[in-house]
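The values are calculated or read from the model by the stated rules, or taken from the named source; none is laboratory data. From a predicted model like this one, the values you see are computed outputs, not experimental measurements. Cβ sites come from the backbone with ideal geometry, for glycine too, and all protein chains shown count toward neighbours. Areas reflect the complete protein model, heavy atoms only, side chains present, ligands, DNA and RNA absent. Shrake-Rupley method; radii C 1.70, N 1.55, O 1.52, S 1.80 Å.
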Amino acid sequence: MTETVLTAERILDAAEQVLRRYGPAKTTVVDVARALGVSHGTIYRHFPSKSALREAVAARWLHRVSEPLQAVIADRSPAPQRLRRWFDTLMSVKRRKVLEDPELFATYHALVEDAGTVIQDHIEELVSQLADIIADGIAEGTLSVDDPQQAARAMFQATIRFHHPVHAGDWQRPGIEHDFDALWQLVMAGLTTGAQGRPSKGG
């Protein structure tokens, strides 16, 4: 590959391959450059440091987690249904990554944990998605909360056992679905109290 056609995306593709082979502890910028057939100085033109490259890889991986959730946001079904589908989608994506390639999942989890503000930005994106659905529920009269953002953050934190990688060892445990259903009923009882019969905005 010549340096003239090198793009940030191609560097990230190569970095993912090298990370899969060597793991985050041993992967260097020189390894990525070697895989691309360029000098390591060329990599630094796109990413000013090894940390910047690792953060970009982590951010792209996290985007692949949040991207399928956008389809749930775009759907116009009632908010309570969308909230459940949003969490079902998030948990499905996370569990699929663990089951299909546990070593690669562990690699990316390690990257994310070391990626500075990347993980916090990801969490804020997810919470914002939830807040949008909750706000729709308030508008349509199916949910009753005062602060969608606060409610979204509470939901995210309350369910963290079911989607945070640190709890991945529990995800195949018998009864985990029943545990989530029980929690879900409790959470939704709080979100819908007082909403029944409440007119939607403009209604």
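Convex hull volume of the C-alpha atoms in the stretch 104-181, normalised per residue: 102 Å³. In this label model, ARG84 and HIS40 are separated by 5.3 nm, measuring between points 7 Å along each Cα→Cβ vector. Per the 1.4 Å probe, what fraction of the accessible area of the stretch 22-168, in percent, lies on carbon and sulfur atoms? Exposed carbon and sulfur together represent 53 percent of the surface.
Close Lys pairs in the chain, defined as Cα atoms under 26 Å apart and 8 or more places apart or on different chains, number 4.
In the stretch 1-69 the Cα-Cα distances spread across 5 Å bins starting at 0 as 3, 18, 31, 24, 14, 7, 3, 1 percent of all pairs. At a probe radius of 1.4 angstrom, the accessible area of the stretch 1-154 per residue rounds to 50 square angstrom.
With the alpha-carbon atoms of the chain aligned to their principal axes, the span from lowest to highest coordinate is 66, 42, 24 Å, starting with the largest. The dipole here belongs to the stretch 113-165: it is taken about the Cα centre, uses +1 on the Cβ of Lys and Arg and -1 on the Cβ of Asp and Glu, and is about 240 debye.
Using just the C-alpha positions of the stretch 41-103 as equal point scatterers, what log10 of I(q)/I(0) does the Debye formula give at each q in 0.13, 0.25 1/Å? Once normalised to I(0) and log-transformed, intensities are -0.52, -0.99.
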